[in-house]
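Here is the structure we will look at.
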Amino acid sequence: MPSAQRNPAALLVRRGGDRLLFDCGEGTQRQLLRSTVGLVELQQIFITHFHADHVLGLPGMFKTFALRGRELPLEVYGPRGLVDLLGSLRRVVGRLSYEVKVSELEPGDVLERDGYRLATFAVAHGVSSLGWALIEATRPGRFDVEGADALRVPNGPERGALQRGEAVTLADGRTVAPADVLGPPRPGRKIVMTGDTAPSEQIVEAAWSADVLVTEATFSEEERERAGETRHQTAAQAAELARRANVGLLALTHLSSRYLGQEIAREAREIFAETVVPRDFDVVELPFAERGTPNLVKGGARPRREPDPVSSAP
């Protein structure tokens with residue numbers, strides 16, 4: 001449930017011009033409006049499962065988009081049961097000015113996008129659920145400018161073609177292959193988001209060598225039995241998954257309101273040192289590997305300065 005410090009589940013991934021929202025708990029649109037991101041015209045929303053703390057923000061957001069006069073279609077993806085859920089919400093939302101395209105997916109399904117793919121995997125939460133992995137395509141190696149100069153490759157389209165992995169034939173009849181001027185391929189980035197779950201081997205497999213694993217730590221280890229009963233996990237269990245999956249950074253979310261965060265972080269770091277427990281409006285920056293490692297920017301999307309409320313006279 002929401003607390004004075006934390007809203008329910010919602011995570012926004014920003015990649016280039018794409019804005020991908022994963023889950024939409026109560027109050028999500030207002031949190032976006034307060035943030036430096038704003039309530040952008042989202043094109044895609046991805047749902048992990050249908051518990052109330054992950055979906056109650058959808059009706060209000062749908063209606064706000066309609067009141068703005070939105071015409072751009074909105075795509076919503078989720079596990080089995082999504083069609084029924086959104087059908088029920090139509091009685092609350094009413095007529096919309098745009099089309100909502102609904103797609104139900106199974107674990108193992110893949111959505112291909114420009115430069116990356118979104119792969120789904122099974123999690124252990126006792127209800128119809130999906131975990132999500134955003135996996136970028138492998139990038140060509142660095143372009144060797146000096147090598148290209150030595151081969152007398154002219155500046156212009158020829159160099160662009162080589163950077164795209166295409167061989168070129170020069171004016172003198174020589175053929176230059178991409179391998180002649182490109183370094184080894186460079187891996188893309190990988191983010192894995194489990195939603196609510198108990199520990200499982202599927203998570204280790206899906207998160208293998210991920211740059212960032214975002215998963216839940218609803219309980220501390222003293223509540224391990226309660227975590228098992230409710231199909232959630234403790235901070236220590238989440239850290240063990242991260243250690244086994246060889247991830248770069250573990251970001252823990254979905255904390256019970258009984259915790260402030262520090263105790264969850266301490267417990268997890270005893271097993272996996274590279275652990276953060278983000279607060280609302282924190283940002284995890286994920287550069288390409290050659291430019292650094294993932295890092296937490298506290299308050300990176302901190303709310304815009306809000307005007308003082310104005311009350312009418314009694």
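The values are calculated or read from the model by the stated rules, or taken from the named source; none is laboratory data. Not measured: the values here are computed from a predicted model. Here the Cβ positions follow ideal geometry from the backbone for every residue, glycine too, while neighbour counts run over all protein chains shown. Areas reflect the complete protein model, heavy atoms only, side chains present, ligands, DNA and RNA absent. Shrake-Rupley method; radii C 1.70, N 1.55, O 1.52, S 1.80 Å.
Of note:
- Test: residue in region 209-220 that is surrounded by fewer than 13 Cβ atoms within 10 Å (Cβ to Cβ), small (Gly, Ala, Ser), in contact with a helix residue (DSSP H, G or I) (Cβ under 8 Å, 6 or more places away or on another chain) and not in a strand (DSSP E or B): yes
- Considering region 96-110, the residues that are over 20 Å from Trp208 (Cβ atoms) and either assigned to a strand (DSSP E or B) or of a type in the set (Asp, Glu) (or both) include one that is most open to solvent (accessible area, probe 1.4 Å), namely Glu99.
- Identity of the residue in region 13-31, touching a Leu at 6+ places or on another chain (Cβ under 7 Å) and free of Cβ contacts under 8 Å to residues at least 40 places away in the same chain, that ends up farthest from Thr194 (Cα to Cα): Gln29
- Scanning region 161-174 turns up no residue that is in a helix (DSSP H, G or I), farther than 30 Å from Val110 by Cβ and of a type in the set (Asp, Glu).
- Boolean, Arg14 is in a loop (DSSP other than H, G, I, E, B), modelled with pLDDT of 95 or more and either under 17 Å from the mean Cα position of the chain (by Cα) or under 26 Å from Ala133 (Cβ atoms) (or both): no
- Given (1) surrounded by fewer than 12 Cβ atoms within 10 Å (Cβ to Cβ); (2) over 29 Å from Ala210 (Cα atoms), number of the condition Ala66 does not satisfy: (1)
- Take the conditions (1) surrounded by 19 or more Cβ atoms within 10 Å (Cβ to Cβ); (2) among the hydrophobic types (A, V, I, L, M, F, W, C); (3) not in a loop (DSSP other than H, G, I, E, B); Val83 misses just one of them, which is (1).
- Region 122-135 - residue that is in contact with a Phe, Trp or Tyr (Cβ under 8 Å, 6 or more places away or on another chain) and open to solvent by less than 20 Å² (accessible area, probe 1.4 Å) and, of those, nearest to Asp180 (Cα to Cα): Leu134
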